[in-house]
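To start, the structure under review is shown below, and the notes come after it.
Bear in mind these aren't lab numbers, they're just calculated from the coordinates by the rules spelled out. These figures come from a predicted structure and were not determined experimentally. Virtual Cβ from ideal backbone geometry, glycine too; neighbours counted across all protein chains shown.
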Amino acid sequence: MTDDRSRHSSFTPGSAPVSRRVVLHAGLGAAALGLLRLGGLGATAAFGTPPPHPALSTTRPRVPRGHPILELPSRLESIEVDGIPFAQGWTGDAFADGVLPFHSCENCFPGGSPPEPQETVDVAIIGGGLSGLATAHALRDRSIALFELRDRMGGTAMGERWRGTACSLGSAYFIVPDKGSELESLYHELGVWPDARVSPGDMTAEIDGAVVGDLLEWSGFTDEERVLVRQYAAIVQEFAGDLYPEIPLPRDGDNRWILELDRTTLKFDIEKRLGAPLPPRLAAGIQAYCYSSFGAGYDRISAAAGWNFIAAEEFGRIVLPGGNASLATALWRSIAAGESQRERPALRPGDMAVDVRLEGEHVRVSWRNAGGYSSLLARHVVLANSKFIAKWMLPQLESLDAAKTDAMNQVGTHAYVVVNLLLDRKLANRFYDLFLLDGAKFPMDEAEAESAVKVMDVIDGRFGASGESDSTILTLYWPLPWPSGRFTLVVEDSWQTYAKQLVPQLRSILSLLRIPESSVHQVRMSRWGHAMPTARPNAIADGVCELLRRPVADRIWFVNQDNWMLPAVETCLLEALHYAAAIRARL
């Protein structure tokens, strides 16, 4: 252990937190943080500030719609739940309970047939999350239409802004890219790199009601357990080096070792390499990471996927103001910039695509909005939404590609809740995130997680913000890592149930951080029913992912993180770049 880390082996409110950069490079990436993270949430016009939406042209007064970040008023109306002020109702998947998209027939057209097409485009893209936005960005010089069922773009990368601080409603950082890579070029092009803040990885954790600043230095480890902790650290470093399992799979080279890694679980692989079970506290840290990053436990996910995430944390995390809502906004801006030159808008928030079918040399896309059903013809269509939704939009799929249909039916997803706690005060001490490991009671399997229904970690929303502010946002990540978790989010009174379950956890967190309850301006809850594709073993090795990626008739393409069953920003962007190039070559 280095002297620097040992000087900060514990954390108390008001003391300097340990640098997780040191912890990460000691190989504790798994216990350090998860995919859904917030770092800097500052107010920068380049990424996160919603524009006042002036007309883009004096001759064509069109306003681009669907900005991923919603501006909130300074003072918010609330209702009280057990004495805590809440915004009433869900954001995120804010559909009415029992009236969820594609849980009933959405393409049962009046008269039985879709309406006649009224326009023709080169490419129609369905789904306005990062996958769809990145595809549209790559093809923005062509005639495109980007459909999104919500009134804002961004998907789970949407955000909100309150009193100058932006926050994410879902995903919140991405990994530092390799030099010279496609991703580095994209980030430069969008203006989000290299000036963005790279998280140094501060890490704190609650253990038995106390806050510990460095899990490696936790005094509760026995001598035997410390040996295993250091062995685990060395394994992480090995995977971050020559053994890094790239997903998507490299196009050239021998990937057989990654396929073999995919055939077992992360838990099994770790214990096999250690030659012993993990120390319980370290196991809890890794499990919390997997719940937060994958929406599933380390006993349920592929070792290839697990090591891909854990080792990547060693490369550093790009943290934008507002989390990945700022990345979505940068992509949105690149598309919106050309709207005034288009006869018809490329950005179509609030237009819910419901049907995609081959028709001669084109593909007919039909959608529904407040005005009823409409259709267009496209030379190519990109389904950038989840396979759970996409399969219901393709009435010809079974006859055109039965194997692909079967693969799409194998994609499992887990649900997620993200809570933003708006505070009328600044924090007395700064940290990046706080894992709530909660001692011996930490849920280590799906059954225990379902019984616990607990927030896993807390993020200081102004960690990376520039300037001073008299308010801040704490973001709480609340995965539901069991298959039926989504149903608890859509039943009658689901919001009230979750709000009541949250209140005692909020009070515990506030007490832990020495924040007076009177500082809570409002609690805002977002639900995501199918947020995380489950990175199950064998999906890559058995060829399921290749079937998920396979286009239909070289005209209907699929771009989404669930192409590889891997919930990662990089998966979204790399698939978008790959298939946008394939489409461009055919236009």
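Between helix 324-336 and the chain there is an angle of about 20 degrees, using the helix long axis and the longest principal axis of the Cα atoms. Positive contributions from Lys and Arg (+1) and negative ones from Asp and Glu (-1), summed over other residues with Cβ under 13 Å from the Cβ of residue 185, come out at -3. Straight-line cross-link reach from residue 391 at under 19 Å between alpha-carbon atoms covers these lysines, not counting any fewer than eight positions away in the same chain: 404.
Which percent of the Cα-Cα distances in the stretch 221-265 go past 15 Å? Roughly 57 percent, rounded to a whole number. Just want the answer: with Cβ charges of +1 for Lys and Arg and -1 for Asp and Glu, which residue in 235, 279, 358 is farthest toward the dipole's positive end in the chain? Of 235, 279, 358, it is 358.
Give me the Debye-computed log₁₀ of I(q)/I(0) at q = 0.17 Å⁻¹ for the stretch 491-563, equal point scatterers on Cα only, no solvent, two decimals. Log10 of I(q)/I(0), two decimals: -0.79. Only Cα pairs under 8 Å and 6+ residues apart enter the sum, and on that basis the relative contact order of the stretch 460-571 stands at 17 percent. Summarising the strand pairing of the chain, around 70 percent of its internal DSSP beta bridges are antiparallel. Below 8 Å between Cα atoms, with a sequence gap of 6+, how large is the relative contact order for the chain in percent? Taking the mean separation of contacting Cα pairs over the length of the chain, I get 26 percent.
Here 532, 408 are placed in order of increasing Cβ neighbour count within 10 Å, fewest first, which gives 408, 532.
Residues 193, 257, 564 in ascending order of nearby Cβ atoms (within 10 Å, fewest first): 257, 193, 564. At a Cβ-Cβ separation cutoff of 4.7 angstrom, cysteine residues of the chain with no neighbouring cysteine are 167, 290, 545, 572. For the chain, the calculated P(r), taken from all Cα-Cα distances in 10 Å bins from zero up to the bin holding the longest distance, is 3, 18, 29, 27, 16, 5, 1, 0 percent. When peptides 375-386, 139-150, 81-92 are sorted by average Cβ neighbour count within 10 Å, with the highest value leading, the order is 375-386, 139-150, 81-92. Using Cβ point charges alone (K and R +1, D and E -1), the dipole size of the stretch 367-439 about the Cα centre works out to roughly 320 debye. For residue 413, the residues whose amide H sits under 5 Å from its own are 534, ignoring neighbours fewer than 5 places away on the same chain, with H placed 1.01 Å from N. Ordering 72, 270, 389 by the projection of their Cα atoms onto the charge dipole of the chain, which places +1 on the Cβ of Lys and Arg and -1 on the Cβ of Asp and Glu, puts 72 at the extreme positive end. Annotation: the residues 432, 187, sorted from fewest to most other C-beta atoms within 10 Å of their own C-beta, follow the order 187, 432.
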